[in-house]
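Have a look at the structure below, then the notes.
Derivation of every value follows stated rules applied to the coordinates shown; laboratory data play no part. Just so we're clear, the structure is a prediction, and the values are computed from it rather than from any experiment. We place every Cβ from the backbone using ideal geometry, glycine too, and count neighbours over all the protein chains shown.
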Amino acid sequence: MPINEVVLSEEQRVELSTIAQSRSLPAGYVFRARLILMLAEGASFTTIKRQLHTTAPTISRWKARFLESGMDGLDTHHPGQSACVLTPALRARILSATRKKPTDGSTQWSCRKLAAVLGISKYAVHRSWKEAGLKPHRLERYMASDDPDFECKAADIIGLYLNPPRHAAVFCVDEKTAIQALDRLDPVLPLSPGRAERHGFEYYRHGTLSLYAALDTASGRVHGKTTARHTSREFVAFLKEVVSRCPRHKQIHIILDNLSAHKTTLVRDFLQQNPRVHFHFTPTYSSWLNQVELWFAKIERDVIARGIFTSVSDLARKLLRYINAYSANARPFQWKYSDPTRRIRSNEFTQTGH
């Protein structure tokens, strides 16, 4: 009898036969039991390859393991990756590497990429990032104001929000320009269970318009007007509408940005004719100080972004309908500033003129 021939004891044959007929054991284990039984019966490699759909190296490997270790040789053992202990030194190494740019030319790290470079588990990288609040895939943009009078202007405007003058009206005014009246060429597929509303990719432009808005900071109500253009002439006409809606005895404070159309000769003439109107310009690159920008973001989400407009007049009608419905149940924005001493002093320490 050849040395490398598979010979089974009665006990091994019974055990292998039981495994080979099992429907609950792992398929790989059943396969190996059938392979050893066929070898013990003298089947050729060609026959085993055809019936078990395997290869000669696989047959040779499991035959050698059975001859060496018996039934124990048919078990598989995967030691897996050694445990990675996240020590303070390793955590510091991960965070330090994260703040450096990858050397492969990419702009940010991924868990797997950094783990491969450091030779550690990606789970250690993920855990370190999570504990430190690092998200290399995220990017945020900012714009720093270069206005030398930033603090005085910001404190003046914040003072109008937090401590407005008595017997005065405060409005946040701005224009949203070039709003497109887009009409979809394909029908809209409505919302249904398991499927979001879908719009066709192609659209048709019917034209554009501009929307002027004045937000009353005390009540939250909005007065709006649509125009075909956004020049100083339209701006002054809108201001006249805002002034006409206020009692004659009230002072009017208007918060607005530094657009050139807000500082023309027509605007200066309007201010001379209406001495009770006072302008408060936001610092450069600081439109976030104007509360009407919050409202513009809301109308963009609610009406414009997903709207379908068959004409410019249809766009204007839907915008004004939304403004009327919003103003009927309006509430003022709750403006808060967490720490005025950190960057901006309170307006009570600043000469604001009111």
(request) Can you list which of the trypsin sites (Lys or Arg not before Pro) found in segment 145-191 are DSSP loop residues with at most 14 other C-beta atoms within 10 Å? (result) ARG166
(request) Excluding residues on the same chain fewer than 8 positions from LYS240, give the aspartates and glutamates whose Cα lies under 17 Å from its Cα. (result) ASP174, GLU175, ASP216, ASP269
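With the cut-off at 14 Å, report for segment 162-201 the share of all Cα pairs above it, as a whole percent. Provide the component values of the computation, followed by the final result.
On the way: 552 of 780 pairs.
Considering segment 162-201, 71 percent of its Cα-Cα pairs are separated by more than 14 Å.
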(message) If I histogram all Cα-Cα distances within segment 150-349 using bins 5 Å wide from 0, what percent of pairs lands in each bin?
(response) 1, 7, 14, 17, 17, 15, 11, 8, 5, 4, 2, 0, 0
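Residues with beta-carbon under 14 Å from that of HIS278, excluding HIS278: net charge, scoring Lys, Arg +1 and Asp, Glu -1?
Taking every other residue near HIS278 into account, the sum is +3.
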(message) How big is the dipole moment of the chain about its Cα centre under a simple scheme where the beta carbon of each Lys and Arg is +1, that of each Asp and Glu is -1, and everything else is neutral? Debye, nearest 20, please.
(response) 500 debye
(request) Go through LYS100/LYS122; LYS153/LYS250; LYS130/LYS298; LYS176/LYS250; LYS153/LYS225 and tell me which ones have a Cα-Cα distance over 21 Å in this structure. (result) LYS153/LYS250; LYS130/LYS298; LYS176/LYS250; LYS153/LYS225
(message) Test of the criteria: in segment 135-243, which GluC sites (Glu not before Pro) are in a DSSP loop and have at most 13 other Cβ atoms within 10 angstrom of their Cβ?
(response) GLU140, GLU197, GLU202
(message) With +1 on the Cβ of every Lys and Arg and -1 on the Cβ of every Asp and Glu, and nothing else charged, how large is the dipole of segment 26-108 about its Cα centre, in debye rounded to the nearest 20?
(response) 500 debye
(message) At most 12 other C-beta atoms within 10 Å and a DSSP loop state: those are the exposed chymotrypsin sites (Phe, Trp or Tyr not before Pro) I care about. Give me the longest piece of the chain that has none.
(response) 202-354
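Against the empirical 2.2 N^0.38 Å scaling, what ratio does the C-alpha Rg of segment 88-132 come to?
1.03
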(request) Would you work out which of TYR142, ALA132, ILE304 lies farthest towards the positive end of the dipole of the chain? Charges go on Cβ: Lys and Arg +1, Asp and Glu -1. (result) ILE304
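Calculate the translational D of the chain in whole µm² s⁻¹ from Stokes-Einstein, where the hydrodynamic radius comes from the Kirkwood formula applied to all Cα pairs, the temperature is 10 °C and the viscosity 1.306 mPa s.
My calculation gives 56 µm²/s for D.
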(message) Given Cβ point charges of +1 (Lys, Arg) and -1 (Asp, Glu) and nothing else, what value in debye, to the nearest 20, does the dipole of segment 88-132 about its Cα centre take?
(response) 40 debye
(request) Specify which residue in the list TRP288, ALA228, GLY42 is farthest towards the positive end of the charge dipole of the chain, using unit charges on the beta carbon of Lys, Arg (+1) and Asp, Glu (-1), about the Cα centre. (result) ALA228
(request) Please give the direction-averaged projected area of the C-alpha convex hull for segment 1-54, in square nanometres with one decimal. (result) 4.0 nm²
